[in-house]
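The values are calculated or read from the model by the stated rules, or taken from the named source; none is laboratory data. What you are looking at is a predicted structure, and each value in this text was computed from that prediction instead of being measured. Neighbour counts are summed over all protein chains in view; Cβ atoms, including those assigned to glycine, are modelled from backbone coordinates with ideal geometry. SASA here: full protein model, heavy atoms, side chains in, ligands and nucleic acids out. Shrake-Rupley method; radii C 1.70, N 1.55, O 1.52, S 1.80 Å.
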Amino acid sequence: MNLKETDAKSKNTLVIIPTYNEIENVSRMIDTVLALPEQPDILIVDDNSPDGTGAEVKKITVENKKVNLLQRSGKLGLGTAYIEGFKFALKNGYDYIIEMDCDFSHDPKDISRLLKEIDNFDLVIGSRYIQGVNVVNWPLKRLILSMGASLYTRIITGMPLKDATSGFKCFRKEVIQSIDLEKIHSNGYSFQIEMHYKTWRKKFRIKEMPIVFTDRIDGHSKMGKAIVREAIFMVWKLRFPFLIKNK
Ligand SMILES: Nc1nc2c(ncn2[C@@H]2O[C@H](COP(=O)(O)OP(=O)(O)OP(=O)(O)O)[C@@H](O)[C@H]2O)c(=O)[nH]1
Ligand SMILES: [Mg+2]
């Protein structure tokens, strides 16, 4: 083993992957992450997926100690899934905490790049819009919505991010420790914006790292209109918390 490998492996990393009906993707995703040179641990947060995703992961956890499963009672949303994942990460002493989707829209190989960049930053965000537009196979409507959401967030909050709703990133544990997780109630895109905003307001060092985002090939999207509506109001709440009382 050379020194570089030792360095990479010595990073005590947890990759948190929320799942809801990802049976077509979950085993391959776990295998791909485990095969990375950094050998991170994995936490799947499953919301009792009717397609048996949780049961499939349960089998894997028996064979492999690096894979963990948090099985919740029902579909409780992406934000709360991550909050529970963050609490697990802090309780179990992980230094680097990664958020990633299960549908291969995020390339698991980019985890290696996130972990290199985090040496010099506190939060590294996989960004679709930092070097032009790096989105593959999205309908134009979806692209406009996503880029528009980032622009809207930037104008209202002043947070200088090109991809405010990205769900692929690496936090140092100090960032998660500094945020009051009990006060975060948003889901979906708002959850991502809220985490970025709180990190930025606390003056942590943030880097947007270019990634290529590919639309999911297998399985189905869970993001609906309610999640978009939530995000529209959420940014105002973040910027003017004194005008709108938080839940
Ligand atoms: N635990 C949990 N996971 C969820 C929930 N909703 C979505 N997910 C997972 O969160 C990740 C992102 O959800 P997606 O449906 O891919 O959302 P998206 O990427 O915005 O939408 P698409 O690009 O259309 O796939 C995936 O791994 C989902 O399985 C939920 O309510 N609970
Ligand atoms: Mg997706």
Check: So for the chain, what percent of the C-alpha to C-alpha distances run longer than 31 Å?
Finding: 18 percent
Next item on the list: Calculate, axis by axis, the spread of Cα positions in segment 1-135 along the three principal axes, and write the results as whole Å, longest axis first.
Entry: 42, 38, 26
Check: Quick one: how many Å² of Asp218 are accessible to a 1.4 Å probe, rounded to 10?
Finding: 60 Å²
Next item on the list: Quote to one decimal, in nm, the extra length available between Arg113 and Gln39 on full extension: 0.36 nm per residue of separation minus the C-alpha distance between them.
Entry: 25.3 nm
Notebook entry, point to check: Could you give the nm distance between label points at Ile144 and Phe240, where each point is 7 Å from its Cα heading toward the beta carbon?
Noted result: 2.8 nm
Margin query: Explain nothing, just the number: relative contact order of the chain, from Cα pairs under 8 Å at least 6 residues apart, as a whole percent.
Written below: 22 percent
Next item on the list: First obtain the Kirkwood hydrodynamic radius of segment 54-194 from its Cα pairs, then insert it into the Stokes-Einstein equation at 37 °C and 0.692 mPa s, and state the resulting D in µm² per second as a whole number.
Entry: 197 µm²/s
Item checked: For the chain, calculated [θ]222 nm from helices alone, where every DSSP H run of n ≥ 4 adds -39500 (n - 2.57) -> -13000 deg cm²/dmol
Margin query: With a 1.4 Å probe and all protein chains kept in place, how much accessible area does Leu14 have, in Å² rounded to the nearest 10?
Written below: 0 Å²
Check: Considering only protein heavy atoms, what per residue accessible area in square angstrom results for segment 118-247 with a 1.4 angstrom probe?
Finding: 53 Å²
Margin query: Starting from 0.36 nm per residue, how many nanometres of slack lie between Arg216 and Lys87 once their C-alpha separation is accounted for?
Written below: 43.6 nm
Next item on the list: With the full set of protein chains in place, find how many percent of the accessible area of the chain is carbon and sulfur; take the probe as 1.4 Å.
Entry: 56 percent
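Do any trypsin sites (Lys or Arg not before Pro) in segment 181-242 lie in a DSSP loop with no more than 15 other beta carbon atoms within 10 Å, and if so, which?
Answer by residue number: Lys202, Lys203, Arg205.
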Item checked: Gain in span if fully extended, Arg201 to Lys75, counting 0.36 nm per residue against the direct Cα distance -> 42.3 nm
Next item on the list: Name all residues of segment 193-225 having a backbone nitrogen under 19 Å from the label point set 7 Å from the Cα of Asp31 along its Cα→Cβ direction, giving them as ranges.
Entry: 217-219
Note to self: Using all alpha carbons of segment 127-205, what is the percent of pairwise distances in each 10 Å bin, ordered from the shortest bin to the longest?
What the structure shows: 16, 50, 27, 7
Next item on the list: Note down the magnitude of the dipole of the chain about its Cα centre, charges +1 on Lys and Arg C-beta and -1 on Asp and Glu C-beta and zero elsewhere, to the nearest 20 debye.
Entry: 1020 debye
Next item on the list: Among the listed pairs Lys109/Lys237; Lys59/Lys173; Lys162/Lys222; Lys87/Lys225; Lys66/Lys141, give every one whose C-alpha distance is greater than 32 Å.
Entry: Lys109/Lys237; Lys66/Lys141
Next item on the list: Scale the Cα Rg of segment 144-184 by the rule-of-thumb value 2.2 N^0.38 Å and send over the ratio, two decimals.
Entry: 1.39
Note to self: Using only the alpha-carbon atoms, how far is helix 140-157 inclined from the longest principal axis of the chain? Give it as 0 to 90 degrees, nearest 10.
What the structure shows: 70 degrees
